[in-house]
Amino acid sequence: MAHIAIVTGGTRGIGEAISKRLLADGFKVAASYAGNDEAAQKFEQTTGARTYKWDVSDFGACRDGVAQVEADLGPVSVLVNNAGITRDGTLHKMTPEQWQAVIQTNLSSCFNMCRAVIEGMRERGYGRIVNIGSINGQAGQYGQVNYAAAKSGIHGFTKALAQEGAAAGITVNAIAPGYIDTDMVASVPERVLEKIIARIPVGRLGQAEEIARGVSFLVAENAGFVTGSTLSINGGQHMY
């Protein structure tokens, strides 16, 4: 019987690549998204997977969303917390709204989603959770105190939950991507992007499929001895 996997932010960018990889691996995938209906419709048409729209920063929406997925597809045994946003700015110019939006969407969402699936995973004695962090949560980044704080928090959250879930057959790991060739990175000014690539030892941006490959490894049934780990996929830019 195929495992049911939820991928948040699963219809675009890194999330889309993760969803497609898990589909190829034989999982039933529910891809959640926040607002881009056109992208979600295209994803459904090209993959045949189900999409669900809810705000991951809203605890009740996550609870209800997971309940709907389980009603439609079955018990969720795999969760990939990928959804994230940026609201960049230096701290002395950052608004409370910019801070809260990033913390709630990038970090609180991990609590919201994990809380919605953890009891079922514990009852069944099996689960795989992967939280998508960031190189900037490990090394920091100018103009991203909100984003770096949220992503760094994900790494601590992962280690703590891994300890709680281990005896119940639940693994919890994180992936810390470097700079990946997505729409978010494509919006960076060319001269800035050139400087970023110059600092990556392998000399290029990463591909979303390379992150998906890491997720595929961590959610496999035979990956039960890997938990509490952070897998850095950054081309050697930051060795942590």
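The values are calculated or read from the model by the stated rules, or taken from the named source; none is laboratory data. What you are looking at is a predicted structure, and each value in this text was computed from that prediction instead of being measured. Ideal geometry is used to build each Cβ from the backbone, glycine not excepted, and the neighbour counts take in all protein chains shown.
Here's a check for you: in region 88-130, which residue that is hydrophobic (A, V, I, L, M, F, W, C), surrounded by fewer than 19 Cβ atoms within 10 Å (Cβ to Cβ) and farther than 26 Å from Ser232 by Cα is modelled with the lowest pLDDT? Can you show your working first?
Taking region 88-130 as the starting set, the residues that turn out to be hydrophobic (A, V, I, L, M, F, W, C) are 91, 94, 99, 101-103, 107, 110-111, 113-114, 116-118, 121, 129-130.
Those left that are additionally surrounded by fewer than 19 Cβ atoms within 10 Å (Cβ to Cβ): 91, 94, 99, 101, 103, 111.
With farther than 26 Å from Ser232 by Cα added as a condition, the list becomes 91, 94.
Details: Leu91: 87, Met94: 90.
Filtering region 88-130 for residues that are hydrophobic (A, V, I, L, M, F, W, C), surrounded by fewer than 19 Cβ atoms within 10 Å (Cβ to Cβ) and farther than 26 Å from Ser232 by Cα, the one modelled with the lowest pLDDT comes out as Leu91.
Go through Gly74, Gly15 for me and flag whichever is in a loop (DSSP other than H, G, I, E, B) and in contact (Cβ under 8 Å) with a residue 12 or more places away in the chain. So that I can check it myself, show each step before the final result.
Values: Gly15 fails: in a loop (DSSP other than H, G, I, E, B).
Residue meeting the stated conditions: Gly74.
For region 15-40, which residues satisfy the criterion of being more than 28 Å from Ile103 (Cα to Cα) and surrounded by fewer than 15 Cβ atoms within 10 Å (Cβ to Cβ)?
Ala24, Gly26 - these are the residues of region 15-40 that are more than 28 Å from Ile103 (Cα to Cα) and surrounded by fewer than 15 Cβ atoms within 10 Å (Cβ to Cβ).
Can you tell me which residue among Val145, Val192, Val185, Val172 is under 22 Å from Gly10 (Cα atoms) and surrounded by fewer than 21 Cβ atoms within 10 Å (Cβ to Cβ)? Lay out the reasoning, then the answer.
Working: Val145 fails: under 22 Å from Gly10 (Cα atoms); Val192 fails: under 22 Å from Gly10 (Cα atoms); Val172 fails: surrounded by fewer than 21 Cβ atoms within 10 Å (Cβ to Cβ).
Exactly one of Val145, Val192, Val185, Val172 is under 22 Å from Gly10 (Cα atoms) and surrounded by fewer than 21 Cβ atoms within 10 Å (Cβ to Cβ), namely Val185.
Determine whether Gly60 is part of a loop (DSSP other than H, G, I, E, B) and surrounded by fewer than 24 Cβ atoms within 10 Å (Cβ to Cβ). Full working, then the answer.
On the way: part of a loop (DSSP other than H, G, I, E, B): no; surrounded by fewer than 24 Cβ atoms within 10 Å (Cβ to Cβ): yes.
In short, no.
Look through region 200-240, keep the residues that are free of Cβ contacts under 8 Å to residues at least 40 places away in the same chain and β-branched (Val, Ile, Thr), and return whichever of them is farthest from Ile135 (Cα to Cα).
So the residue we want is Val202.
Can you pull out the residues in region 77-110 that are over 19 Å from Ser19 (Cβ atoms), in a loop (DSSP other than H, G, I, E, B) and of a type outside the set (S, T, N, Q)?
Correct list: Arg87, Asp88, Gly89, Met94.
Looking only at region 162-213, filter to residues that are small (Gly, Ala, Ser) and under 14 Å from the mean Cα position of the chain (by Cα); which one of those is modelled with the lowest pLDDT? I'd like the intermediate steps shown before the answer.
Of all residues in region 162-213, those small (Gly, Ala, Ser) come to 162, 165-169, 174, 176, 178, 186-187, 198, 203, 206, 208, 212.
In the following step, the residues that additionally are under 14 Å from the mean Cα position of the chain (by Cα) were identified as 174, 176, 178, 208, 212.
Working: Ala174: 98, Ala176: 95, Gly178: 88, Ala208: 96, Ala212: 98.
The qualifying residue modelled with the lowest pLDDT is Gly178.
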